[in-house]
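Structure first, commentary second.
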Amino acid sequence: MLRTAILAAARTPAVERLLTNASVAQSLVARYVAGDEVDDAVQVSRELIADGLAVTLDRLGEDTSDEAAAAATTAAYCALLDALAAADIAPPAEVSVKLSAVGQRLDPRLATENARKICQSAAAVGTTVTLDMEDHTTTDHTLDTLGALREDYPDTGAVLQAYLRRTETDCRELAHAGSRVRLCKGAYAEPESVGFETALDVDRSYVRCLNVLMAGDGYPMLATHDPRLVAIGEERARWYDRTPDTFEFQMLHGVRPDEQRRLARAGYTVRIYLPYGRDWYPYLMRRLAERPAYLALFARSLVSSR
Ligand SMILES: Cc1cc2nc3c(=O)[nH]c(=O)nc-3n(C[C@H](O)[C@H](O)[C@H](O)COP(=O)(O)OP(=O)(O)OC[C@H]3O[C@@H](n4cnc5c(N)ncnc54)[C@H](O)[C@@H]3O)c2cc1C
């Protein structure tokens, strides 16, 4: 409930102005985001990789409404991939792409072609792309695009969100050999008609989906910080005789860093989702909605800055 309210309020321009200028926003951005520039992204990636972690980089920005901006984002991803190759970290770094950042709402075919260019650049430097999943209105097109891209780039990763009622079925369809699938809870405000309402129902759905993926032949990417779900992931790996090279854990940069390193030391692949760029507002608001305790920090800083 609170999460939905935060996500709805975050779309109001007045709230955006207020929060963007709040000093506490800057310190949260520093926690979750690598920095503004490609060099920052490469530098933080190097540090994470030196700590035994893998990385997926997200160039912040979404809901592009003009073709030139979609083209610029596409070019920026290609330049990022070249920079990762020049730093000799592509792999273990890959990239995560939001189709809305490369034109999905403008023209779905344009978004698919832009994503294809990014896949081409990734393949040229020996790494991969994962298509982030946005709100439920985009799920069908994103999965169609995934299918089209996988014809030429079969290692393109999918994301499925356990909070959607459809996801267990989608997991069954995508749990085949060679299929990289990130399973997360889901970060958008969704209506009850398509999504589970309570945290408990979302968690139960996550476990059902995790079972399907871990029992299947694909490459599951378990994206969660939830200690119970991480433990269930480790347990299912034992049940299904999965060696550490057949699945991975994923977490967000800045969230449970000690646990990230503990899992890596235990021999698992742990990939960190690392955003960079100036367009951090929607990303930060989704993190705030997951962690309403930060609202108190915001409230205190807004009062004390008056
Ligand atoms: C690698 C990765 C990629 C993702 N990609 C997508 C995507 O493409 N589409 C999408 O809709 N969602 C995506 N998400 C977000 C995801 O859907 C959840 O919103 C987010 O991960 C929080 O869910 P949780 O499983 O960690 O469980 P929660 O129950 O939210 O959190 C469990 C515990 O983790 C800690 N925690 C969680 N979030 C935070 C935070 N922001 N700050 C501090 N501590 C926190 C807290 O200790 C909390 O108690 C991604 C998440 C990850 C890790």
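The values are calculated or read from the model by the stated rules, or taken from the named source; none is laboratory data. Being a predicted model, the structure only gives us computed values, none of them experimental. With ideal geometry, Cβ positions are generated from the backbone for all residues, glycine too; neighbour counts draw on all protein chains shown. What goes into the accessible areas is simple: the full protein's heavy atoms, side chains included, and nothing from ligands, DNA or RNA. Shrake-Rupley method; radii C 1.70, N 1.55, O 1.52, S 1.80 Å.
Structural remarks
- Selection within segment 36-63: residues that are part of a loop (DSSP other than H, G, I, E, B) and open to solvent by less than 20 Å² (accessible area, probe 1.4 Å). The member of this set that is farthest from Asn114 (Cα to Cα) is Leu53.
- When Tyr188, Tyr219 are screened for being under 22 Å from Glu248 (Cβ atoms) and among the aromatic types (Phe, Trp, Tyr), only Tyr219 passes.
- When residues of segment 129-148 are limited to those that are away from the ligand (no atom under 14 Å from the Cβ) and open to solvent by less than 50 Å² (accessible area, probe 1.4 Å), the one farthest from Leu81 (Cα to Cα): His141
- Looking at Ala87, Ala124, just one residue is touching a Lys or Arg at 6+ places or on another chain (Cβ under 7 Å), hydrophobic (A, V, I, L, M, F, W, C) and either within 30 Å of Thr167 (Cβ to Cβ) or away from the ligand (no atom under 16 Å from the Cβ) (or both), and that residue is Ala87.
- The criterion of being out of contact with any Lys or Arg (no Cβ under 9 Å at 6 or more places or on another chain) and within 18 Å of Gly277 (Cα to Cα) does not hold for Thr64.
- Matching entry among Asp245, Asp258, Asp279 (being part of a helix (DSSP H, G or I), closer than 30 Å to Val38 by Cα, open to solvent by 40 Å² or more (accessible area, probe 1.4 Å) and touching a residue at least 12 places away in the same chain (Cβ under 8 Å)): Asp245
- Within segment 67-92, being within 16 Å of Ala50 (Cα to Cα) and either of a type outside the set (A, V, I, L, M) or within 21 Å of the chain's Cα centre (by Cα) (or both) holds for Leu84, Asp88, Ile89, Ala90, Pro91, Pro92.
- If you go through segment 238-255 and keep only what is within 14 Å of the ligand (Cβ to nearest atom) and at pLDDT below 95, you end up with Gly254, Val255.
- In the condition set (1) within 19 Å of the chain's Cα centre (by Cα); (2) modelled with pLDDT under 90; (3) away from the ligand (no atom under 15 Å from the Cβ), Leu18 is compliant with all but (1).
- Residue within segment 86-108 that is modelled with pLDDT under 95, out of contact with any helix residue (DSSP H, G or I) (no Cβ under 6 Å at 6 or more places or on another chain) and crowded, with 22+ Cβ neighbours inside 10 Å present: no
- Exactly one residue out of Glu173, Glu190, Glu151, Glu234 is surrounded by fewer than 19 Cβ atoms within 10 Å (Cβ to Cβ), in contact with a helix residue (DSSP H, G or I) (Cβ under 9 Å, 6 or more places away or on another chain) and closer than 27 Å to Arg109 by Cα, and it is Glu173.
- Considering segment 204-228, and only residues there that are touching a residue at least 40 places away in the same chain (Cβ under 8 Å) and over 20 Å from Thr139 (Cβ atoms), the residue that is nearest to the ligand (Cβ to nearest atom) turns out to be Asp226.
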